[in-house]
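Structure record follows, encoded as structure tokens.
Rule-based calculations on the coordinates, nothing more; no lab input. Values in this document were obtained by computation on a predicted structure and should not be read as measured data. Note that each Cβ is placed from the backbone with ideal geometry, even for glycine, and that neighbours are counted across all protein chains shown.
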Amino acid sequence: MPITCLEDQLRRDEQDRQFAYDDATGKTLEVGMTLAGNLTIGTGHNLTASGLSQKIRDLIRADDIANATVALESNFPWTMDLDPVRKGALLNMTFNMGIKRLAEFKDFLAKMQAGNFPAAAGAMLDSRWAKQVGARATRLSIQIESGFWQ
């Protein structure tokens, strides 16, 4: 591909990396890895020095919410009929634990699908996840039971 602008040069020289990497070694970040240089992502974006701007964080969050919505609705089509508040609680859970782990909450999901929100809230709190996330689970259970944002 011919180089016609700065963006082309940077994509060639810096690459365009989806996953965070060490700019000194070029190695993709792995758990427990010690960095020789700076934590970097994309086209040479130095996360160590620059972090992410509010604009980029907002774009990432919007993309993550869109992906969680697709995952939730494709795995549980009945969630498309939920009010935004209760669906928001399920999306919050999807965001936190992923759709595969949410799918393991069979009793909770059955009660949600049946519209038995008080029982669903109780089932949610009766989980290891609720103990791990504490106040988050409490807030989301109130949200599911009440239908009001918490």
query = Could you put 97, 112 in order, starting from the residue whose Cβ has the fewest other Cβ atoms within 10 Å?
reply = 97, 112
inquiry  = Can you tally the net charge around residue 22? Count Lys and Arg as +1, Asp and Glu as -1, for every other residue whose Cβ sits under 14 Å from the Cβ of residue 22.
reply    = -1
note = In terms of the charge dipole of the chain, which places +1 on Lys and Arg and -1 on Asp and Glu at the beta carbon, the residue among 121, 46, 88 farthest towards the positive end is 121
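Let me have the 222 nm mean residue ellipticity of the chain computed from DSSP H runs of 4+ only, each contributing -39500 (n - 2.57), with the sum over all residues rounded to the nearest 500. Walk me through the numbers on the way to the answer.
Working: 9 runs with 89 residues, N = 150.
It comes out at -17500 deg cm²/dmol, rounded to the nearest 500.
How charged is the neighbourhood of residue 37? Take every other residue with its Cβ under 14 Å from the Cβ of residue 37, and add Lys/Arg as +1 and Asp/Glu as -1. All intermediate terms of the calculation are to be shown ahead of the outcome.
On the way: positive: 17, 27; negative: 14, 22, 23.
For residues surrounding residue 37, the net value is -1.
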remark   = Residues 43, 25, 79 in order from fewest to most other beta-carbon atoms within 10 Å are 25, 43, 79
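Just list whichever of 111/131; 27/131; 27/100; 87/131 have alpha carbons separated by over 25 Å in the model shown. Before the final figure, lay out the partial values.
Numbers: 111/131 20 Å; 27/131 36 Å; 27/100 29 Å; 87/131 22 Å.
Exceeds cut-off: 27/131; 27/100.
If you place +1 on the Cβ of every Lys and Arg and -1 on the Cβ of every Asp and Glu, how big does the dipole about the Cα centre of the chain come out, in debye to the nearest 20?
Details: 17 positive and 18 negative charges, 116 e Å.
Result for the chain is approximately 560 debye, rounded to the nearest 20.
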ask   = With charges only on Cβ, +1 for K and R and -1 for D and E, what is the dipole size of the range 49-111 about its Cα centre, in debye, rounded to 20?
value = 160
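Taking the beta-carbon count within 10 Å as an exposure proxy, list 129, 78 from fewest neighbours to most. Working shown, then result.
Working: 129 18, 78 12.
If I rank by nearby Cβ atoms, fewest first, I get 78, 129.
Which is the longest stretch in the chain that no exposed loop site breaks, taking sites as GluC sites (Glu not before Pro) with a DSSP loop state and at most 15 other Cβ atoms within 10 Å?
That gives 31-103 as the longest site-free run.
Quote the charge dipole size of the range 78-144 about the Cα centre in Debye, to the nearest 20; the model charges only the Cβ of Lys and Arg (+1) and of Asp and Glu (-1).
240
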